[in-house]
Amino acid sequence: MRIAVAGATGNIGSLTVSSLERDGHDAVRISRSLGVDLTTGDGLDEALAGVDAVIDVTNAPAADRAGSVAYFATTTRNLLDAEERAGVRHHVLLSIVGIHRVEGNAHYAGKQEQERLVAAGPVAWTVVPATQFHGFAEMVASWSEQDGVATIAPLLVQPVAPTDVADILAEVAVGEPQGRHVDVAGPETQDLVDMARRTNDARGRSVKLVPTWAALYGPAMAGNVLLPGEGARIAQTTFDEWLAGQRQA
């Protein structure tokens, strides 16, 4: 099949392209750096010519709630309109587990709008909600790190490997549209603070972590909010296995 990946030059996008090509599919890379701009629609019609399915793994630049919603609304509408013109039969969206249980998070508000537009749009669709990636804790801690100290919320998560998610997205794209796919998660529940500590240790970095709900992620995200629901699809790669690969890197 000919399958386009929006956000193809990012981490999950490049892995998804590799998964598709490994299985013999023709992967079309959609990215602003490659001349296709989702915010304006420039280059989309040419990129989607002959495409059977589109996998959207795009991310938004940091913004407030209004900015995040506006960005995802614009890019999603442009992509769906171009898909309709091209006769694309299946739109696959990577989303995040738990976003409908959280208020006040700007990025999640944008993802909610993206899901709404896909569900109401002209192309048959599948939304694949995944839990946080294994590198999420390290990334969150890096946002606040200063002079060897970082704040981080003590979130409970069930992290998943990007490679596993990429394989699932590729599998879903070649199948029939499903509507909302079951949650996708890793095999084990983890504490975000402990994940950040262990990741820094694996990389040989000394960072003092200060657990707090006062930063980006507040008490509304505590407890089971970010954990997968019943009947979730459990991917194979554990956090320890991913971490071992980081030590070798």
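The values are calculated or read from the model by the stated rules, or taken from the named source; none is laboratory data. Quantities reported herein were computed from a predicted structural model and do not represent experimental measurements. Note: ideal-geometry Cβ built from the backbone for every residue, glycine included; neighbour counts use all protein chains shown. Just the protein is used for accessible areas: all its heavy atoms, side chains included, with ligands, DNA and RNA removed. Shrake-Rupley method; radii C 1.70, N 1.55, O 1.52, S 1.80 Å.
Between ASP191 and TRP213, the distance separating the two model label sites (each 7 Å from Cα on the Cα→Cβ line) works out to 1.6 nm.
With the cut-off at 22 Å, report for region 1-87 the share of all Cα pairs above it, as a whole percent. The proportion of pairs with Cα distances above 22 Å equals 23 percent. Here ARG22 and SER142 are evaluated by their C-beta separation; at R0 = 35 Å the FRET efficiency comes out at 0.70. Using a probe of 1.4 angstrom, how much of the accessible area of the chain is carbon and sulfur, in percent? About 49 percent, which is the carbon plus sulfur part of the accessible surface.
Between 0 and 90 degrees, the angle of helix 11-22 with respect to the longest Cα principal axis of the chain falls at about 50 degrees.
Taking amide H as placed 1.01 Å from N in the peptide plane, VAL97 has its amide H under 5 Å from the amide H of ALA130, THR131, each at least 5 places away in sequence or on another chain. If R0 equals 41 Å, the separation of the Cβ atoms of GLN246 and ARG85 corresponds to a calculated FRET efficiency of about 0.45.
Quick check: net charge around VAL165, other residues with Cβ under 14 Å of its Cβ, Lys/Arg +1 and Asp/Glu -1?
On the way: positive: ARG233; negative: ASP56, ASP164, ASP167, GLU171, ASP183.
Summing Lys/Arg as +1 and Asp/Glu as -1 gives -4.
The modelled label-to-label distance for the pair VAL174/ASP37, using points 7 Å beyond Cα in the direction of Cβ, is 3.5 nm.
Between THR58, THR237, THR40, the residue with the greatest mean-square fluctuation in the GNM of the chain (Cα pairs under 10 Å linked by springs) is THR40.
For region 186-249, what is the accessible area per residue in Å², given a 1.4 Å probe and the full set of protein chains?
Working: 3620 Å² over 64 residues.
Counting only protein heavy atoms, the per-residue value for region 186-249 is 57 Å².
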